[in-house]
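A short write-up of the structure that comes next.
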Amino acid sequence: MRMRRGLVLALAVPVAFVALSISVPVADASIGVGVQAGPVRLGNAALTGQSYALPPVYVVNTGTQPESVTVGVDRLSSGRGRSVPRSWIRMTGPAVRLSPQQSTKIPLELVVPAGARSGRYLSDVVVTGAPGVSAGHVNLGVAAATPLEFSVRPGPATGPGPLVPPWTWWFAAGLLALLAVGLGLRRSGIRIRVERTPPGVAPSAGRKLRRGGTLVAVAFLAAAGLAACATGGTSSMAGTAGGSSSISISLKTVPTVVAVSVSPSSASFGNCSGGNGSVNTASTSAALGFPNGQCWVGKAGSGGSYPITITNTGVAARIFVNSGNAVPSDSGTQWGLCNLGRSPTVACALSSGQLPGNNQYLLQNFAAGSVNAAGLTGTSVCDPEFAAGSCAAVTGDAQQEGIKITGPELSSDTSTSWTVTIKWTAVSLGD
């Protein structure tokens, strides 16, 4: 049985190892991105079937090298409201590439489909920056997120109604109001008659206005008097012209940007072990072997090393982390992440969930004195290695970490160069 398994391995992986990195990164280089801490809000409720220009989101490159910046939507903040579908938010401007310390505002559009449910919506605008993916490396990425908040209510009903010009409704309402006033006067018995007193007739003869008409006139004059009083209060006494002067007072405010940086921007796996030497698939010092070889960025335990530095360069935030599939150089079959623990997002297939199966792999980040036992997932979650498990960070807080990879039992793809990407995200605490 062991020999048969060895033959399968030999056929599945004709080259004895997989290289996950090919160069040493520049230690001083860093990647970083920031976004406004204030939420992106729509002032009024969005109507179904309508599109809206959202307030532009402020972004800044806080790293030491140019980065392409993209904007997306994800639910990272906790709170009340439905999650915003990613297809509802669009960048309306051109692609953005920022030099170090350069900032800009990115316009966004909200498109609410006709069948959207009414109510409050809450997600996050996620700004991601990366200097570019290097094949065969562990590429490190950064992102920053700020809340996105708005509410939705039903839009105007479809049908013949919209074909009628809006002003006709105001005209009809005015006619109805005049009709109601006329009916009210008729039923009250009030009459107004204007008479001209002929020459030679005594003035007393001209007093033929009915009592109701007199009351109406008095009421009109009283209303006019009140209006005059109301407007008269705004007048001012004429004064003597004089000179005036002014001064300019400068004011500085503290930064209000959520930002994170990671150094270096890519790393190299090494110190590999495991695999099956009997079929020439054992790991080498710098390449992963099969089955279930292991490699490291840094070293855990006593005398460990932690070459990746994650720094909160903005206001207080939470630091999240996630990864994704391992991508082969020939763009063939990828390896999917699996996880350990009682409730894994994706269970590993071997050894009762303790080792990756075919086309699976496991990534675990670690820091001094602790290891992320469950492993990374494709979903951004609090980095358990940051701030002693709380993932909260104030300005200047930094964490040094390393990465451990456990490879698959078998790989359907025969590539010997694979790319892995890990991303840290600073998530705004909101208002």
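For the reader, a short list of remarks on this structure follows.
- Of the residues making up region 5-27, one or more are farther than 22 Å from Val381 by Cα, surrounded by 15 or more Cβ atoms within 10 Å (Cβ to Cβ), aromatic (Phe, Trp, Tyr) and modelled with pLDDT under 95.
- Of the residues making up region 369-387, at least one is in a strand (DSSP E or B), under 26 Å from the mean Cα position of the chain (by Cα) and under 23 Å from Val35 (Cβ atoms).
- Being touching a strand residue (DSSP E or B) at 6+ places or on another chain (Cβ under 9 Å), aliphatic (A, V, I, L, M), closer than 20 Å to Leu76 by Cβ and in a strand (DSSP E or B) is not true of Val420.
- Yes/no for Gly430 being surrounded by fewer than 16 Cβ atoms within 10 Å (Cβ to Cβ), in contact (Cβ under 8 Å) with a residue 24 or more places away in the chain and farther than 25 Å from Ser123 by Cβ: no
- Any hit, region 265-273, residues being within 22 Å of Ser412 (Cβ to Cβ), surrounded by 18 or more Cβ atoms within 10 Å (Cβ to Cβ) and touching a residue at least 24 places away in the same chain (Cβ under 8 Å): yes
- Cβ-Cβ under 7 Å pairs, at least 6 apart or on other chains, region 39-58 side touching a residue at least 40 places away in the same chain (Cβ under 8 Å) and within 11 Å of Leu108 (Cβ to Cβ), far side surrounded by 18 or more Cβ atoms within 10 Å (Cβ to Cβ) and aromatic (Phe, Trp, Tyr): Leu42/Phe150
- Annotation: of all residues in region 118-135 being in contact with a Lys or Arg (Cβ under 7 Å, 6 or more places away or on another chain) and among the small types (Gly, Ala, Ser), the one that is surrounded by the most Cβ atoms within 10 Å (Cβ to Cβ) is Ser123.
- With respect to (1) assigned to a strand (DSSP E or B); (2) under 29 Å from Gly63 (Cα atoms), the lone exception for Cys272 is condition (2).
- Within region 404-418, tally of residues that are among the β-branched types (Val, Ile, Thr) and either in contact with a Ser or Thr (Cβ under 7 Å, 6 or more places away or on another chain) or crowded, with 22+ Cβ neighbours inside 10 Å (or both): 2
- Meets criteria (out of contact with any strand residue (DSSP E or B) (no Cβ under 8 Å at 6 or more places or on another chain), outside any loop (DSSP other than H, G, I, E, B), free of Cβ contacts under 8 Å to residues at least 24 places away in the same chain and of a type in the set (S, T, N, Q)) for Ser352: yes
- In this entry, Ser417 is excluded by the filter for residues that are of a type in the set (Gly, Ala, Ser), at pLDDT below 95 and over 20 Å from Ser283 (Cα atoms).
- Tally of residues being in a loop (DSSP other than H, G, I, E, B) and modelled with pLDDT of 95 or more across region 118-135: 1
- Residue match in region 389-403 (condition: modelled with pLDDT of 95 or more, within 16 Å of Val138 (Cβ to Cβ), surrounded by 23 or more Cβ atoms within 10 Å (Cβ to Cβ) and over 25 Å from the mean Cα position of the chain (by Cα)): yes
Residue-wise test of (1) closer than 12 Å to Thr377 by Cα; (2) touching an Asp or Glu at 6+ places or on another chain (Cβ under 8 Å); (3) aliphatic (A, V, I, L, M).
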| position | (1), (2), (3) |
| --- | --- |
| Arg318 | no, no, no |
| Asp330 | no, yes, no |
| Arg342 | no, no, no |
| Ala349 | no, yes, yes |
| Ser352 | no, no, no |
| Asn358 | no, yes, no |
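- Close Cβ contacts (under 7 Å, 6 or more residues apart or on different chains) running from residues in region 79-91 that are in contact (Cβ under 8 Å) with a residue 60 or more places away in the chain and over 22 Å from Ile106 (Cα atoms) to residues that are among the charged types (D, E, K, R) and part of a strand (DSSP E or B) comprise Gly81/Arg120.
- Residues that are crowded, with 17+ Cβ neighbours inside 10 Å and either touching a residue at least 40 places away in the same chain (Cβ under 8 Å) or over 27 Å from the mean Cα position of the chain (by Cα) (or both) within region 335-346 comprise Trp335, Leu337, Leu340, listed in sequence order.
- Residues that are exposed (fewer than 15 other Cβ atoms within 10 Å of the Cβ) number at least 3 in the following strands (runs of 3 or more DSSP E) confined to region 36-117: 103-111.
- Filter result for Phe290 (buried (at least 18 other Cβ atoms within 10 Å of the Cβ), at pLDDT below 95 and over 31 Å from the mean Cα position of the chain (by Cα)): no
- Conditions (1) touching a Lys or Arg at 6+ places or on another chain (Cβ under 7 Å); (2) among the aromatic types (Phe, Trp, Tyr); (3) not in a strand (DSSP E or B); number of the one not met by Trp296: (3)
- Boolean, Gly314 is surrounded by 17 or more Cβ atoms within 10 Å (Cβ to Cβ) and either in a loop (DSSP other than H, G, I, E, B) or among the acidic types (Asp, Glu) (or both): yes
The values are calculated or read from the model by the stated rules, or taken from the named source; none is laboratory data. These numbers come from a predicted model, not from an experiment. Ideal geometry is used to build each Cβ from the backbone, glycine not excepted, and the neighbour counts take in all protein chains shown.
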